[in-house]
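See below for the structure under consideration.
The values are calculated or read from the model by the stated rules, or taken from the named source; none is laboratory data. Bear in mind the structure is a predicted one, so any value in this text is a computation, not a measurement. Cβ: placed from backbone, ideal geometry, glycine included. Neighbour counts: every protein chain shown. With ligands, DNA and RNA removed, areas are computed over all heavy atoms of the protein, side chains included. Shrake-Rupley method; radii C 1.70, N 1.55, O 1.52, S 1.80 Å.
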Amino acid sequence: MKKLSAIILIVLLFIGGVSYVVLSLDEEAETTSQENPEFVEDLESQTKINSETIPEDWTQERFNETKDNFGSMTMIEDVKREIVQMTSQKIESKRVRELKGNDAPTFPFTPVYPSQLGEFEAPSDYAALTEDNIVYLKNYIEGLELDAETTEYFQEFLNEWKTGDFSNLIELHKTFLLEVSNPPEELRDYLEVDDYRLATEEEEQAFLEHYDLINQ
């Protein structure tokens with residue numbers, strides 16, 4: 001009987017010890033998240049990565065290759081920056097060429113904006129305005145925590161672009177450029193440009209070839 005009691009006591013002590021360790025780990029994780037906001041942000045970021053879904057009828061390889069066309073995106077402002085970069089291939093402006101200077105006025109296309117105008121990437125890292133890239137953005141936006149009106153706004157014009165309707169592209173390009181730009185004083189003239197037009201097929205092709213974006 002004494003032996004049985006001893007065994008029961010050991011088992012109870014073991015269970016109590018395990019429970020204490022588990023509770024301690026939970027409390028430590030909670031304390032860490034409260035004291036270090038970056039810990040919470042890392043968890044939220046990981047959740048966003050894990051929540052990405054592959055568009056219907058896409059293979060994992062196609063999804064990965066398309067995702068690689070984009071820079072780091074964590075919020076809607078990053079999406080706007082990517083859209084400004086994507087739509088640059090369809091934008092022509094004599095004034096932008098003049099502001100860029102050097103050989104820009106003689107180029108067969110309007111070159112990209114100076115990177116200092118905002119947090120723009122190197123042109124070779126731009127995502128081209130292709131159907132797959134548009135579908136990827138549509139899919140990505142669905143995964144962001146946006147209100148219904150904002151989601152509908154983005155989905156509507158991306159659907160139009162997907163079908164080849166670029167009638168509102170210049171207006172949206174200028175709108176997002178103003179929102180994502182924070183230029184030094186010497187570059188503020190870029191935000192006053194008002195002579196944009198859609199590029200011709202030849203101008204767009206020259207842009208893509210010059211910045212090595214032709215294979216997207």
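In table form, for the structure just shown:
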quantity	calculated
Residues located in the range 102-120, provided they are open to solvent by less than 40 Å² (accessible area, probe 1.4 Å) and either part of a loop (DSSP other than H, G, I, E, B) or touching a Ser or Thr at 6+ places or on another chain (Cβ under 7 Å) (or both)	PHE109, THR110, PRO111, VAL112, TYR113, PRO114, LEU117, GLY118, PHE120
Test: residue in the range 161-179 that is at pLDDT 95 or above, under 19 Å from LYS67 (Cα atoms) and not aliphatic (A, V, I, L, M)	yes
The range 172-215: number of residues that are over 15 Å from PHE107 (Cβ atoms) and open to solvent by less than 70 Å² (accessible area, probe 1.4 Å)	16
Tally, over the range 175-197, of residues that are under 24 Å from the mean Cα position of the chain (by Cα) and aliphatic (A, V, I, L, M)	4
Boolean, SER93 is polar (S, T, N, Q) and modelled with pLDDT under 95	no
Residue match in the range 66-89 (condition: more than 15 Å from the chain's Cα centre (by Cα) and open to solvent by less than 20 Å² (accessible area, probe 1.4 Å))	yes
Filter result for SER115 (modelled with pLDDT under 95 and either among the β-branched types (Val, Ile, Thr) or within 20 Å of ARG97 (Cα to Cα) (or both))	yes
